[in-house]
C-alpha cells in the first residue's frame with residue numbers, strides 16, 4: 001500500500017479581491033491537484049470549484065481495482081463547466097485550468113489542461129511534468145512542424161486550452177512509477193510566475209514536511225507582491 005504525506009496551502013495574494021484558485025486534496029482517494037479560474041472571464045472561482053468537484057466525485061466512483069480513465073473524467077468535467085457557464089455567463093462562458101494526479105497501484109497518473117504546473121523531485125533533480133498550454137508554446141510547436149506563426153508579444157501567455165471551452169480540450173496525460181523519497185508539487189501560476197524553478201527545487205528538497213514546502217512556496221510568492229492567488233500541493237512518497 002502506498003504511504004505518503006501531503007499538504008496544500010492557498011493564499012488570495014495582495015491584489016485580487018477573490019481567491020479563484022481551488023485545491024483538489026483527497027488523501028483517502030490519493031487524488032491531488034490545483035485549478036485556477038481563468039482571468040478575464042467572469043465566474044473563475046465557480047469554474048475552478050466545479051472542475052475539482054466533478055473530478056473528485058468521478059474518481060471516487062471508480063473502484064480502486066478498476067481502470068481509471070482520467071482523460072474521460074477531465075473531458076466530462078469540461079462539459080460540466082461549460083453547462084455551468086451557460087447559466088452564469090452565457091455570453092462569455094467561464095473557464096479554469098486543471099492539473100491533477102491520482103495514485104493507483106504505485107503509479108502516479110497525471111492529467112493537465114492549462115498553465116498550472118506539476119513537478120517531480122527525485123534524487124535532487126526537479127522535472128517539469130507539464131507544459132503550459134499558451135500561445136507562445138503553441139506557436140513553438142507549430143513552428144517545429146514548419147509552419148509560419150506570428151503572435152502579439154502581449155498575448156504570449158494567453159491560454160490555448162482550458163476547462164470550460166466549447167470544444168473538449170486536448171488533455172495531456174502522463175503516468176509515472178513511484179519510488180520512495182519522490183516529491184511531487186502542483187502549483188498555480190501565482191507561484192510559478194514569481195518563484196524560479198531553482199528556488200522551487202531548493203524549497204522542495206530542503207526536507208521538512210509537505211506543509212513546510214507549500215507554505216514556503218506560497219509565502220515567497222506573496223512576499224514578492226502577491227499579484228495573483230497562489231496555491232500549491234506537495235506530496236512526499238514514503239513507500240510506493
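Looking at residue 211, is it out of contact with any helix residue (DSSP H, G or I) (no Cβ under 8 Å at 6 or more places or on another chain), surrounded by fewer than 18 Cβ atoms within 10 Å (Cβ to Cβ), closer than 21 Å to residue 22 by Cα and touching a residue at least 40 places away in the same chain (Cβ under 8 Å)?
yes
Residue-by-condition table, conditions (1) farther than 30 Å from residue 239 by Cβ; (2) in a helix (DSSP H, G or I); (3) modelled with pLDDT of 95 or more:
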{"position": "40", "(1), (2), (3)": "yes, no, no"}
{"position": "46", "(1), (2), (3)": "yes, yes, yes"}
{"position": "51", "(1), (2), (3)": "yes, yes, yes"}
{"position": "65", "(1), (2), (3)": "no, no, no"}
{"position": "71", "(1), (2), (3)": "no, yes, yes"}
{"position": "81", "(1), (2), (3)": "yes, yes, yes"}
{"position": "85", "(1), (2), (3)": "yes, yes, yes"}
{"position": "100", "(1), (2), (3)": "no, no, yes"}
{"position": "108", "(1), (2), (3)": "no, no, yes"}
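Filtering region 47-58 down to residues that are touching a helix residue (DSSP H, G or I) at 6+ places or on another chain (Cβ under 7 Å) and under 12 Å from residue 97 (Cα atoms), which residue is surrounded by the fewest Cβ atoms within 10 Å (Cβ to Cβ)?
Only one residue tops the list, namely 50.
Being farther than 16 Å from residue 189 by Cα and in contact with a helix residue (DSSP H, G or I) (Cβ under 7 Å, 6 or more places away or on another chain) is the requirement here; does residue 61 meet it?
No.
Out of all the residues in region 110-131, which are touching a helix residue (DSSP H, G or I) at 6+ places or on another chain (Cβ under 8 Å), over 24 Å from residue 59 (Cβ atoms) and outside any strand (DSSP E or B)?
124
Against the conditions (1) over 12 Å from residue 126 (Cβ atoms); (2) in contact (Cβ under 8 Å) with a residue 24 or more places away in the chain; (3) in contact with a helix residue (DSSP H, G or I) (Cβ under 9 Å, 6 or more places away or on another chain); (4) assigned to a helix (DSSP H, G or I), where does residue 231 fall short? Just the number, please.
Result: residue 231 passes all but (4).
Hey, can you tell me all the residues within region 1-41 that are under 28 Å from residue 91 (Cα atoms), touching a helix residue (DSSP H, G or I) at 6+ places or on another chain (Cβ under 7 Å) and surrounded by fewer than 17 Cβ atoms within 10 Å (Cβ to Cβ)?
Hit for region 1-41 is 18, nothing else.
The values are calculated or read from the model by the stated rules, or taken from the named source; none is laboratory data. Model, not experiment: these values are computed from the prediction. Using ideal geometry, Cβ is built from the backbone for each residue, glycine included, and neighbour counts are taken over all protein chains shown.
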